[in-house]
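Peer 1: Here's a structure for you.
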Amino acid sequence: MNRLGTRLLAAMVLVALVSLSVVPVASLLAERGTIAALPAGFRERVIDRTTPTPLFRGPMRGRVGPAGSAPGRELETDPARLREETALLYALLSDTREAQRRAVTIGVLLALAVSVALAYALSRGIARPIESVSEAAAKLGAGALDTRVRLERRGFAPDEARALTEGFNGMAASIEGYEAERKAMLADIAHELRTPLAALHMRLEALADGLIPFDQSEVGLLKGHADLLARLIGDLRLLSLADAGRLSLELADVDLAAWTTHAAAADAYAVRRHGADLNVDVPDRPVRVRVDPQRLEQVFLNLLDNAARFSPPGEGVDVTLTVEGGRALLRVRDRGPGVDDADLATLFERFSHGRRRDREGHGTGLGLAIVRTLVTLHGGDVGVRNRDPGAEFTVALPLHEPTPAS
């Protein structure tokens, strides 16, 4: 595992091993060095009489006194030789203590050096990606949205460092994408507003110059352009409130079957005014959901209006409600030309080019974006698929109470 915690644990174990092993090893080397400096004959006798028994084999007995000499060896009895060996033993003890003192000092310093080196390596491994992300964040805040962090020696970096850099790069890419979408949306809004405004301005100039008569049909045409502007501004306001998290829902327990029947009857004009018929099929039992009825009606009306605009005259718009997998599925199908496969993935985007203009040339390009926004706020999702003929939009909402599958 390449996680930072594993590295820290390994570093602490290594420091402990170094600290515990350096001093004994240094002491052993110092002891051997001092013994090696003794005269050859006396050195052998010291090694023979002072070498401990193997570990776990009992205490060292029989090594002191006449009975403690090694087999085949006699204790020294010459007084002069005893004095000489005693002096050598004192010198050996003094040299050994001095060597051990040096060994402990060197061992502590070596362990400290290893600990500092490991701590520095770990701290740089942790600090380097943080410093890189900090510098990149400063550049990103200054407006360089294409800033990305490149992690050096990626294979040696901890998982947390890689996750940090990947998370920052993902965030930077999202910000860059949002900024590009914002600029594109502003350009689309300017274009959408310019179109009805230009038409209004042209018609009013023509009226002022007396080029066209000011009659009821002209008033209706001007009102249509004004209505389109008002609808576009209202749609933009709703989407802006949703983006800012300020679009509140007044949720209530609703029988979606009864609600769909009532809403279809109330909004049937949105279909019939385009020359289409409305067909409704809902279960004969309650389908309980928790929704904001007014916002849901806005979703339903947008889908009905969209289906009616693209349905040929005399064809029908089908509304069906079913229950599948703990969700209520509200479907609206038209008999129009369907949606190009290339536009299916972006159909619910703002000012999407797929189906944005109907056969009458109307539409703001925001209706389906509002549908997706409102359905998402209700915890559901919306999709579209092509049928033969037409297109079918499906709104999926979670059930508030268990309902038997249809």
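Coordinate-derived values only; no laboratory data. Note that the structure is predicted; figures quoted are calculated from it, not measured. Heads up, the Cβs are rebuilt from the backbone with ideal geometry, glycines too, and the neighbour counts pull from every protein chain shown.
Peer 1: Where nothing but the Cβ of Lys and Arg (+1) and of Asp and Glu (-1) is charged, how large is the charge dipole of the range 159-243 around its Cα centre, in debye to the nearest 20?
Peer 2: Details: 8 positive and 15 negative charges, 58 e Å.
In debye, rounded to 20, the range 159-243 gives about 280.
Peer 1: Right, here's the next one. So, by mean Cβ neighbours within 10 angstrom, what's the order for 8-14, 327-333 with the highest one leading?
Peer 2: On the way: 8-14: 12.6, 327-333: 22.1.
My ranking of the peptides, most packed first, is 327-333, 8-14.
Peer 1: Please give me the summed charge of the neighbours of ARG182: other residues whose Cβ is under 12 Å from its Cβ, Lys and Arg +1, Asp and Glu -1. Please report the intermediate quantities before stating the final value.
Peer 2: Details: positive: LYS183, ARG350; negative: GLU176, GLU179, GLU181, ASP188, ASP243.
Surrounding charge for ARG182 is -3.
Peer 1: Could you sort the peptides 383-391, 204-212, 289-297 by per-residue average Cβ neighbour count (10 Å cutoff), highest mean leading?
Peer 2: 289-297, 383-391, 204-212
Peer 1: Need one number for the range 252-398: average projected area of the convex hull over its C-alpha atoms, nm².
Peer 2: Details: hull surface 32.3 nm².
That works out to 8.1 nm², a quarter of the Cα hull's surface.
Peer 1: Now for a different question. As a footprinting exposure proxy, order LYS183, LYS139 by other Cβ within 10 Å, with the fewest listed first.
Peer 2: On the way: LYS183 10, LYS139 14.
Ranked by crowding around the Cβ, least crowded first: LYS183, LYS139.
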